[in-house]
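Beneath this line is the structure, given in structure tokens, with notes to follow.
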Amino acid sequence: MEKVRLPSISRDNHQEIQRLAKKAGMDLNKCYQCGKCSAGCPVGFAMDESPRRVIRLLQLGLLDEALKTHSIWLCATCDTCSTRCPNGIPVAVLMDTLRQEAKRRSIITEKNINLFNEIFLSNVKMFGRSPEVILSGLYNLRSGNLFQDADAGSHLFKTGKAHILPSRVKNTQAIKRIFAKCLEKGGQH
Amino acid sequence: MDVIEEQKWEPKILAFCCNWCSYSGADLAGLNRMKYPENIRILRVPCSARVNPQYILRAFQKGADGVLVAGCHPGDCHYSTGNYYTRRRFLIMKRLLEYSGIDPRRFQARWVSGAEAEKFRTTVTKLCEDIKAIGPNRKLRGLK
Amino acid sequence: MKRIGVFICHCGSNIAATVDCAKVAEAAKAFPGVFFSSDYKYMCSEPGQEFIKDSIKKYDLNAIVVASCTPRMHEHTFRKTLANGGLNPYMFEMTNLREQCSWVHSDIEKATDKAIDLVRMSVAKVAKNEELFSTTIPVHKKALVIGAGIAGMQAALDIADAGHKVVLVDREPTIGGKMPMLDKTFPTMDCSACISTPKMVEVAQHPNIELMAYSEVIEVNGFIGNFDVKIKTKAKYVDHVKCTGCGLCETKCPKKVPNEYDLGMGLRSCIYKPFPQAVPNKPVIDAQNCLKLTSGKCGVCARVCPTGAVRYDDTESFITDTFGAIVMATGYDLYKWEDVYGEYGYGKYPDVVTGLHFERMVNASGPTGGKIKRPSDGTTPKTVVFIKCVGSRDSAKAKSYCSRACCMYTAKHAHQFVDKTPEGNAYVFYMDVRTPGKAYDEFYESTLRDGAVYLRGRVSKIYQDGGKLIVKGEDSLIGKQVEVAADMVVLATAMVPSAGSRELAQAVGFLPDLNGWYQEAHPKLRPVETPTAGVFLAGTCQGPKDIPDSVAQAGAAAVKVCGLLSKSELETNPMTARTNTTVCSGCGICVSVCPYKAIQLQSITERDHHGHRITRNVASVNNGLCQGCGACTVTCRPGAIDLQGFKNDQILEEVDSLWT
Amino acid sequence: MKYAYYPGCSLDATGVEFDTSNKLVAKKMGVDLVEIPDWNCCGASSAHAVNHMLALALPARNLAIAEAEGFDTVAIPCAACFARCKTTAAEAQSSPETKAEISDIIGMDYQANIEILSFLDVLGKKIGLDNIKAHVIKPLTGLKVASYYGCLLVRPPKIAQSDDPENPMVMDNIMAVLGADPVEWGYKTECCGASHVVPVPKIGQQMIHDILKNAQINGAQAIATACPLCMINLDMRQKQLNVQLGTNFNMPVFHFTELVALSFGYSPKEIGIHKHFVPAESLVEDALSTGARREGA
């Protein structure tokens, strides 16, 4: 069992945690660790740390540990937790916030999810839309799972549910502008 | 006043304290021998809701450099609802004073319970420091 | 013309060490109206007080200022000194030189200057003091207890045993409240009805207690010692004088409806007693459902009644009476979890029940004869999940407070279930186990030994899956999700103030707290008093409590009542508000701000300056009710209402004196 | 009624029959759907995982265009798109700064006053059950349907503003007026994992499995969805699940508007029922024929 030496909060990561909590619109002290969020979490079964424990890590000032969890990547943002939290804590938003922060620090514990997001967004950036075929195609290529969902492919094409040529936005400049602006406004992609 | 006077100037601050919370908070500060500036003059009232805004205006007219109104915490009023009136009343009062050119820092309404000796001490100490920083009040002086 | 005497106390060295008392006394001589000023080692000592009395005679003083410790300490002492010295005790002001000067400062020069200022303030004020006289009000030696649950019954019995008359009112057809509904009581596990029903009988038979069941307090006027109360008794449709309570009518009544007493799990007739040991042990007719009263048909009960006690034409009746004191004992209801807990099924799953349902189930005289059965199919559950804090400690959905009794009764329920179901599984989902009571934690531990499994975590969802209820939680101690396939789920729902308690409080003249509980006058030092003098609190109306605490608090309230009723009259504090009717415009704003309903508009007839008779409204203050807070004085635009002892001119003189 | 229509990427591909049935139903109900010109992807389900502002700006552009075109309402079939747009609107409405920042990023003036409706809202809130009932000519009598809402149409409650976050009934009620028999089940608002099934298949599959399982246990013959992502997950993945988890699911899944369209008398063919992965025609035929028999009798 790993030992935590308290106080574990150095001044700056305390401020860092407060900043993230503020960004997520929550007050960490409000969480009394009842676990209702984790009890109802549909992805909970696959998480290394339950959402409750992720919040606990932050309460104790263990920011890096929190950012290293797989949980923040596995969260499906279904908001079951936030909806039922007796203290009205926006848990899902916190997960988003931590995920974004982890990515900013390039702490990526779920490579495939990150890869999926990157391809997804680079598609959106390029076409203004998200052509599913290209998405899964590129994803398979880069993740190395070459034949994932290949079985479904034929049916998709046969039924016209997939097109080789992606539909795209005419005004691609507008989209590029949006991406550029958002990047300069901090955050990354 | 001339420079020399300016230097040995000591602010005079009037504090209205409700009998049940803030006045006994001040007493407790005494019991604990807590030190705070001599500039404060406590005037005992049954409830902060007894403090008529007129008194504050009068104090500033007569030459008060600062005024404090202290009462029980909202919800703990000995008379159950008095300090709610106080709270609303002095929000407006503050604006009026600001309007009439008085630095709002000169007038404060604070909640100090009978147990909060330390809070009483820090409140009045802070108030004194602020007022010393702002300097003597000349607004409303001698207005009749 | 005031002849003021000033006395500066050294309090040994307490004051003298930091304040130059002689200098202060000397300075005071120069203050307007001061005829004598001196310092002395201990003013509160016997010789000190003699010194004051002598000076009063010697210098013909008619107002006194003593500068010593805090008035909260010795104001009363010196008032008596004045009285003994032949002055009105209110011709007195006290300067706080110890707590608020010498003890908090160290610079002698500055402290002395401040002391002089403080004394000047007191002198300025006392110059405006007037003689005040306290009046007396009579005390009606009769108490009203509202609500006849265990707390109300206990309070009534204690007051009655002390020899005072008590009227005990309850809106239900029987007294007893919720306690008789319970099966056993923690931690001793003695039968709840067995210890509460004898009390009900004792109440009914007590010569000093007048029982008014099926009745409600609808109007309260007056003040401490003199509350005028209007009480409504609902139509019973049965003459309880004639009725012998034989119960024949109940057996013959053709219509059956769900029994409130069994939370709808059992049936009752429309002419009914809520339960066999009801007190009074005589039935009433439920007018909403009675065939005779709704459709005119039937009339069986009247026909079978051997004493002809049934009265279909009965109507509600009213009485008014005067009481010296009132005890509020209106109790609690259970939080309506069905309204907000969708994740637990909004009450659409029949086998998700509350703790009170469970109590009725395990109760031998309950609808299932003491057998734990699933409401859905009547089978015996093998796996039962207990969920704590449903509605409690949930600021997002329900109540943020802890309901205090749930941890213990849930432990009791879990114990009872495993006790009655040898191979049964009891799972308790909790956030904390709070057992701060004598033998409470030991009880919880015994429940654990019985085999109940405690899981730390709030349940997120319950859903029906075939015959089972799937309960999804987290065991937060291992950080893993847990899922229980349960046959029945018991919710420990929050306590909330009983329906109508807010309206009642307003009628009596005080405000409940944010959650609707009755607010005690002081959380520590006046726990059974309300801000309204003469009104006291017993039991859960003040906040969630278990039975022992309710009974203890009832006893405390009773003592307060007895203390009050032991006096034949009360001396009123003369420092109350007073109206100058000549300038009062009758706007009535003071009426609305008074927390004690002490001010009323009263019409007076007078002659105006042309000699015409005119009638107009003016504010008049009831000295019995006024507590002297002065909130009214500030709202008075013409400045007609003022507070004796803290009059506007007194305070303004104090303010002015600082800068003269 | 004239609504701006935001199909979103999926309806242009895997959700094509959702698009078709929406338009058929709208036509029948006299609702004029006008596709937002040159709309872009709303960023779901990746943008919010990466960049907060991006997650607001992408939907905002579409909404701003619709506003500029003079629409006061936009109808959005995809639950994910719906959620992203509602979130954007909520954040912009709650803070003028955010609104200004968004407008600056997209280089258009975003008012955040256009009303955003899911198709459940359109049918449930705007058109209304009676109106739908009036158009039913081929009731789906006795078809046991599990109405599946998923997460984004009901949560977070303040954003989604559905009829109920824990036990929504709007789709069940619609199914009932179609003559179908809505089943009571426990997973109507559980999450299907959205895109998880691609990057983390094992997890995604488990989530989908649990939903199908619960529908099965509670006697559903079919599942009705209101989101193309849910649809593709529940429909396309069954075969995969059977291989991976050794199950034998064969549960037809529908876009709920397909069922509405069917009961309005459109043929399975024109709606595109044959495009489903799990064959659904025969089930539909049975339901329609029993319906017809009952009508006849």
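For the residues of C:589-597, the average number of beta carbons from a partner chain within 10 Å of their own beta carbon is 2. Efficiency by 1/(1 + (r/R0)^6): what FRET value for residue B:132 and residue C:514, r their Cβ-Cβ distance, R0 = 56 Å, to the nearest 0.05? Approximately 0.90, to the nearest 0.05. Of the residues C:63, C:119, C:140, the one whose Cα sits farthest towards the positive end of the charge dipole of the stretch C:1-158 is C:140 (charges of +1 on Lys and Arg Cβ, -1 on Asp and Glu Cβ, taken about the Cα centre). In plain terms, the chain from residue C:480 to residue C:58 could stretch by 143.2 nm, reckoned as 0.36 nm per residue minus the Cα-Cα distance.
Over the stretch C:271-348, consider all pairs of different Cα atoms and compute the Kirkwood hydrodynamic radius from their mean reciprocal separation; express it in Å, one decimal. All intermediate terms of the calculation are to be shown ahead of the outcome.
On the way: mean 1/r = 0.0581 Å⁻¹.
Evaluated over the stretch C:271-348, this radius sits at 17.2 Å.
Put a plus charge on the Cβ of each Lys and Arg, a minus charge on the Cβ of each Asp and Glu, and nothing anywhere else: the dipole of chain D about its Cα centre is then about 700 debye. From helices alone, chain C scores -8000 deg cm²/dmol at 222 nm; the rule is -39500 (n - 2.57) for each run of n ≥ 4 DSSP H residues, then divide by the residue total. The alpha carbon convex hull volume per residue for chain A rounds to 158 Å³.
Taking each DSSP H run with n ≥ 4 as -39500 (n - 2.57) and averaging over every residue of chain B yields -13500 deg cm²/dmol at 222 nm. Taken over the stretch D:136-296, the alpha-carbon convex hull comes to 104 cubic angstrom per residue.
Placing unit charges on each Cβ (+1 for Lys and Arg, -1 for Asp and Glu) gives the protein assembly as shown a dipole about its Cα centre, and among C:300, D:278, C:207 the Cα reaching farthest toward its positive end belongs to C:207.
Treating each Cα of the stretch C:422-507 as one equal point scatterer and applying the Debye formula with no solvent, the log10 of I(q)/I(0) at q = 0.22, 0.23 Å⁻¹ comes out as -1.14, -1.20.
Ranked highest first by average number of other Cβ atoms within 10 Å, how do D:238-248, C:396-406, C:483-493, D:284-294 line up? Before the final figure, lay out each step's value.
Details: D:238-248: 14.5, C:396-406: 20.2, C:483-493: 23.4, D:284-294: 16.6.
In descending order of packing, they fall as C:483-493, C:396-406, D:284-294, D:238-248.
Annotation: the residues C:609, A:163, sorted from fewest to most other C-beta atoms within 10 Å of their own C-beta, follow the order C:609, A:163. Out of every Cα-Cα pair that the stretch B:85-137 contains, those further apart than 13 angstrom amount to 64 percent. Most tightly packed first, judged by the mean number of other beta-carbon atoms within 10 Å of their residues, the peptides A:12-18, C:360-366 read C:360-366, A:12-18.
Shape of chain B from the C-alpha gyration tensor: oblate (a/c of 1.5 or more and a/b not above b/c, with a ≥ b ≥ c the square roots of its eigenvalues).
Given +1 at the Cβ of Lys and Arg, -1 at the Cβ of Asp and Glu and no other charges, the dipole of the stretch D:2-120 around its Cα centre is 360 debye to the nearest 20.
Across all directions, the average flat footprint of the convex hull enclosing the Cα atoms of the stretch D:2-120 is 6.8 nm².
Report the extension gain between residue C:307 and residue C:73 in nm, rounded to one decimal, defined as 0.36 nm multiplied by the number of residues separating them, less their alpha carbon distance. The partial results should precede the final answer.
Numbers: separation 234, 0.36 × 234 = 84.24 nm, distance 6.77 nm.
Stretched fully, the residue C:307-residue C:73 segment lengthens by 77.5 nm.
What percentages make up the Cα-Cα pair-distance distribution of the protein assembly as shown when the bins are 10 Å wide from 0? Pair shares across the bins are 2, 8, 13, 15, 15, 15, 14, 11, 6, 2, 1, 0, 0.
Both numbers refer to the Cα atoms of chain C; Rg and Dmax are 32.4, 98 Å.
About its Cα centre, how strong a charge dipole does chain C have in debye, to the nearest 20, once Lys and Arg get +1 and Asp and Glu get -1 at the Cβ? Display every interim value, and only then the final one.
Numbers: 75 positive and 71 negative charges, 290 e Å.
With only Lys, Arg, Asp and Glu charged at Cβ, the dipole is about 1400 debye.
To the nearest whole percent, what portion of all C-alpha pairs in the stretch D:28-70 is separated by more than 17 angstrom? The proportion of pairs with Cα distances above 17 Å equals 43 percent. Were the residues from residue C:244 through residue C:449 laid out at 0.36 nm apart, the gain over their Cα-Cα distance would be 68.9 nm.
Fewest neighbouring Cβ atoms within 10 Å first, the residues D:274, C:610, C:357 line up as C:610, D:274, C:357. Kindly identify the stretch C:177-280 as rounded, prolate or oblate by the Cα gyration tensor criterion: order the square roots of the eigenvalues as a ≥ b ≥ c, call it rounded if a/c is under 1.5, otherwise compare a/b with b/c, prolate if a/b is larger, else oblate. Cα axes put the stretch C:177-280 in the oblate bin.
Once every DSSP H run of n ≥ 4 in chain D is given -39500 (n - 2.57) and the sum is divided by its residues, what mean residue ellipticity at 222 nm do you get, rounded to the nearest 500 deg cm²/dmol? It comes out at -15000 deg cm²/dmol, rounded to the nearest 500.
Rounded to the nearest 0.05, what FRET efficiency is calculated for residue D:290 and residue D:248 with R0 set to 30 Å and r the Cβ-Cβ distance?
On the way: r = 25 Å, r/R0 = 0.84.
Efficiency at R0 = 30 Å is approximately 0.75.
With each label modelled as a point 7 angstrom along the Cα→C-beta vector, the residue A:171-residue A:150 pair spans 4.2 nm.
When the Cα positions of D:240, D:183, D:156 are compared along the charge dipole of the stretch D:136-296, D:240 comes out farthest toward the positive end, with charges on each C-beta of Lys, Arg, Asp and Glu. Dimensions of the stretch C:401-457 along the principal axes, based on C-alpha atoms and rounded to the nearest Å, stand at 35, 25, 14, largest first.
Pairs of alpha carbons in the stretch A:32-92 separated by more than 15 Å make up 42% of all such pairs.
For chain D, what is the convex hull (Cα atoms) projected area averaged across all directions, in square nanometres? Mind dumping the intermediate values first?
On the way: hull surface 58.3 nm².
If I average the Cα hull's projected area over directions, I get 14.6 nm².
Loop-located chymotrypsin sites (Phe, Trp or Tyr not before Pro) in the stretch C:497-527 (DSSP state not H, G, I, E or B) with no more than 14 neighbouring Cβ atoms inside 10 Å do not occur.
Counts of other chain beta carbons within 10 angstrom of each beta carbon in peptide D:9-16 average 6.
Averaged over residues, the count of other Cβ atoms within 10 Å places the peptides D:217-226, C:78-87, C:166-175 in the sequence C:166-175, D:217-226, C:78-87, highest first.
Here the calculated FRET efficiency for residue D:113 and residue B:91, from their Cβ-Cβ distance with R0 = 30 Å, stands at 0.35, rounded to the nearest 0.05.
Legend: mean number of C-beta atoms from other chains within 10 angstrom of residue C-beta atoms, peptide B:19-26, equals 3.
Readers should treat all values here as calculations from the given coordinates under stated rules, not as data from a laboratory. Since we're looking at a predicted model, the values are computed, not measured. With ideal geometry, Cβ positions are generated from the backbone for all residues, glycine too; neighbour counts draw on all protein chains shown.
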